[in-house]
Every structure is written in structure tokens, then in C-alpha cells.
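For reference, the structure discussed in these notes is given below.
The values are calculated or read from the model by the stated rules, or taken from the named source; none is laboratory data. This is a predicted model, so every value here is computed, not measured. Glycine also receives a Cβ, built like all others from the backbone with ideal geometry; neighbour counts cover every protein chain displayed. Just so you know, the surface numbers come from the protein's heavy atoms only, side chains and all, with ligands and any DNA or RNA stripped out. Shrake-Rupley method; radii C 1.70, N 1.55, O 1.52, S 1.80 Å.
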Amino acid sequence: MSPEPLLQGPRIFRPTTANLARLAALLRRGELVGVPSETVYGLAADALNPAACAKIFAAKGRPTTDPLIVHLASAADLGRVARTNPAALALATAFWPGPLTLILPKLAIVPDLVSAGRPTVAVRVPAHTVFRRLICLAGCPLAAPSANPFGYISPTSAAHVRDGLTGTSLRAVLDGGECRVGVESTIVDLTNPSRPRLLRPGGLNAAAIERVLGQKLGLPHSKTIVAGTAAPAPGMLSRHYSPQTPLTLHSRLDARDAAKLATDEVCLLLRRPANADLRMLPAERVRCLRWLSERGDLETIAKNLFSTLRALDGEGWRRIHAAEVSGVEGLAPAINDRLRRASA
Ligand code: AMP
Ligand code: MG
């Protein structure tokens, strides 16, 4: 008897002109392509083709109650898919291309599957130039959620996409390098422009958005939504972006705390501990220490967060201990949001 054939993973393509043309043709034919962005890698399909978008839900195991973000090559295309308003145009001018997603009333051209039956659509212009070139070549807006099995940690490299979606209908991933930001976009609901709401903290700090709008962002109608029910933003699921290894979140954690953990538990620090602290620990304790950055800066912590959780998930630890970052500046709210969901 011949052995079982190995599962064929999607092929990774470098972003050459010829490859971009090839992948754009795949998208036009209604196929899926893994795409790089500055936030996390996306699983893209022609946003105006319902059969193509259905493949996204199937590949991710994503419930069809969870709507998709539509990606445009330019803010000038916004009026093709959504009804705009002055607040949306002000934010688009200030922050696109960039990690900000706007929720607006949708136009009929957007399939109901993309919006999960809602009258609104989520729209973004990504900052990754290779992604925008692909959108231009495909000639259609691209619907793309994160390119991971539903609920798991989002991918920040082409290899993560291949590893997570082998065995699905995904055949091709465009390699645009490691994601620069590393956490998903900030989502702002502008359906009612006089009452803008923050649906998900992300790559753009809410204070910058509030300065442009000249008003505070409200919170979602319901802060946390139970899995399986219709949700205003399913990134709001209390458990999401999660490693398989249980994660305990601490308000503070340092190298000395690692000494108190069991030997099969790993301690994920925000920054590299001081050499003096490392020398104080026995060798088997140093083994269970990991850190997200050398200096503790938010950009590096965010950039390394998902890839480090993924790596730890593959190392067989019984539990991951992690610490929240302090403050509400920059990427701090997004980092803490993802850590809380990973620990839920
Ligand atoms: P992902 O790209 O996997 O992070 O998923 C896209 C996120 O955008 C999800 O959390 C969606 O709920 C959110 N989203 C997409 N469309 C809408 C919409 N029409 N209203 C509210 N949230 C949306
Ligand atoms: Mg996602």
C-alpha cells in the first residue's frame, strides 16, 4: 500500500512583478491568496464575488456571522463600496493608508456575505505597498480577514499563513516580509458620524482619532460578546487571538517572579531582564524566560507578540505567564486587549 500523500501547503511567492500579476489573476478567478499587510497577514478574495468570499469562511472555519474587512488600494475608491460622511473622509485623509478600519453604511455592490447580513461594511486602505499593488492589479476591492484558523493567533509572516492553512483551499501566499505593526487594525464605527464608537483597539491609538474627530470615541454597544451570537465586532469575542497553551495574565512580571513558577511553565517578559537579574536565577529558570523586546518599547512588543506566542505554543509548556503593559499610549491598549483575549 502506498503511504498517505503529505498535505500540500500553499506555495509562498516572492513579490516580483510576474508573481503579483499571477496572484492578481488568481484573485480575479475567484481564488484565495494570502496577503501581507502592516498589521497581520490577510486571507484575501475578490470582495465583490460572493462565491470567492465563501471560500474565506470555509478555509478559516469562520462563522458567517463574522463580517470581513474590505481593502481598497486608495481612499478615492471608498465611495465604490460605502456611503461616506465628512468624519470618515477626515479620518481617511489623516490615517490612510494605515491600520484604521472604518465601519460605514454599505452600498448594494458589497455582497451580504461580506457584511454578514449587516447594512454596514468595514473598509481599510492598508499601508503595505505590495498589498496595495496587488489590489490595483486585481482590479477589485479585496475582502481579507486575518489568515489564521478562526480564534487562533493572527499570522505575522508568510510561513505562519502556510502552517495554519495547509489542507484548505488556499494555494498561494504573497510574501511581504514580517508585519511591521504586528497587531490588527483599530476599528471605528462611523455609521452614525455624530456618535463614533471604538469597536476594537489596534495599530492606531484612539487618542489620535479623537483629535481628528474633535470628539471622544464611544464604546461598543455591548463590550463583550458570547461566541456564536451575532456581534457588533467579532474581534470583540472575549476569547480570540489565543494560543492553545493556557495563558495567565499578570499586571506585573519580572525575572525574579520566574523563580516562583513550576518548571514546565514559561515566563514571557515585556523586556530583556538586566544581566544582574539573569545571573541571580538558576540555569533551569533562565530556560523558562522569554522576552518580547530588548528595551520595552511598545512597537517592538506589538511586532513580536503574536510570533512569540505562536513559538511558545509549539514548545510544549503547560502554561504561559505574561504581563500587561502599563499606560494607554500608542500600541498599549491593543497589546493589552490581545493579551486579555489570549488569557480569557
Ligand atoms: P479580522 O480581520 O479577522 O480581525 O476580522 C475583521 C474584523 O472586522 C472583525 O472583528 C469584524 O467583526 C470586524 N467587522 C467587519 N465588518 C464589520 C461590520 N460591518 N460591523 C462591525 N464590525 C465589522
Ligand atoms: Mg482575525
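For (1) out of contact with any helix residue (DSSP H, G or I) (no Cβ under 6 Å at 6 or more places or on another chain); (2) assigned to a loop (DSSP other than H, G, I, E, B), each residue gets a yes or a no:
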{"residue": "Gly296", "(1), (2)": "yes, yes"}
{"residue": "Ala302", "(1), (2)": "no, no"}
{"residue": "Thr308", "(1), (2)": "yes, no"}
{"residue": "Ala311", "(1), (2)": "yes, no"}
{"residue": "Gly316", "(1), (2)": "yes, yes"}
{"residue": "Ile335", "(1), (2)": "no, no"}
{"residue": "Ala342", "(1), (2)": "yes, no"}
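With respect to the conditions (1) open to solvent by 50 Å² or more (accessible area, probe 1.4 Å); (2) not in a loop (DSSP other than H, G, I, E, B), Glu329 lacks only one, and its number is (2).
Every condition in (1) within 16 Å of ligand 2 (Cβ to nearest atom); (2) of a type outside the set (A, V, I, L, M); (3) part of a loop (DSSP other than H, G, I, E, B) is met by Thr191 except one, and the failing one is (1).
How many residues, within the stretch 117-154, are in a loop (DSSP other than H, G, I, E, B) and in contact with a Gly (Cβ under 6 Å, 6 or more places away or on another chain)?
7
Considering only the stretch 24-37, how many residues are outside any loop (DSSP other than H, G, I, E, B) and either of a type in the set (Val, Ile, Thr) or surrounded by fewer than 24 Cβ atoms within 10 Å (Cβ to Cβ) (or both)?
Initially, the stretch 24-37 is screened for residues outside any loop (DSSP other than H, G, I, E, B), giving 24-28, 33-35.
Now restrict to residues that are either of a type in the set (Val, Ile, Thr) or surrounded by fewer than 24 Cβ atoms within 10 Å (Cβ to Cβ) (or both): 24-26, 28, 33, 35.
Within the stretch 24-37, residues that are outside any loop (DSSP other than H, G, I, E, B) and either of a type in the set (Val, Ile, Thr) or surrounded by fewer than 24 Cβ atoms within 10 Å (Cβ to Cβ) (or both) number 6.
Being farther than 15 Å from Val33 by Cα, buried (at least 20 other Cβ atoms within 10 Å of the Cβ) and either modelled with pLDDT of 95 or more or of a type outside the set (Val, Ile, Thr) (or both) is the requirement here; does Ala138 meet it? Taking the combined requirement at face value, the residue does not satisfy it. Determine if the stretch 118-137 includes at least one residue that is free of Cβ contacts under 8 Å to residues at least 40 places away in the same chain and away from ligand 1 (no atom under 13 Å from the Cβ). Checked against the condition, which is being free of Cβ contacts under 8 Å to residues at least 40 places away in the same chain and away from ligand 1 (no atom under 13 Å from the Cβ), the stretch 118-137 yields at least one hit.
For the stretch 287-296, a residue qualifies if it is surrounded by fewer than 17 Cβ atoms within 10 Å (Cβ to Cβ), in contact (Cβ under 8 Å) with a residue 12 or more places away in the chain and farther than 20 Å from Gly203 by Cα, and exactly one does: Glu294.
So, in the stretch 124-160, exactly how many residues are among the aliphatic types (A, V, I, L, M) and more than 16 Å from ligand 2 (Cβ to nearest atom)?
9
Counting only residues that are β-branched (Val, Ile, Thr), more than 22 Å from Ala51 (Cβ to Cβ) and touching a helix residue (DSSP H, G or I) at 6+ places or on another chain (Cβ under 9 Å), which one in the stretch 117-135 is most open to solvent (accessible area, probe 1.4 Å)? Ranking the candidates gives Val130 first. Of all residues in the stretch 71-82, at least one satisfies being free of Cβ contacts under 8 Å to residues at least 24 places away in the same chain and closer than 18 Å to Leu137 by Cβ. The set of residues from the stretch 297-326 being of a type in the set (S, T, N, Q) and either within 21 Å of Val161 (Cβ to Cβ) or open to solvent by less than 40 Å² (accessible area, probe 1.4 Å) (or both) comprises Asn304, Ser307, Thr308.
Does Ala147 satisfy the criteria of being away from ligand 1 (no atom under 11 Å from the Cβ) and either of a type in the set (Gly, Ala, Ser) or open to solvent by 20 Å² or more (accessible area, probe 1.4 Å) (or both)? When the stated conditions are applied, Ala147 does not pass them. The residues of the stretch 158-170 that are over 15 Å from Lys60 (Cβ atoms) and either open to solvent by less than 10 Å² (accessible area, probe 1.4 Å) or basic (Lys, Arg) (or both) amount to a single one, Ala158. Only helices (runs of 4 or more DSSP H) whose full extent lies in the stretch 38-116 are considered here, and the ones with at least 3 residues that are within 15 Å of ligand 1 (Cβ to nearest atom) and surrounded by 18 or more Cβ atoms within 10 Å (Cβ to Cβ) are 50-60.
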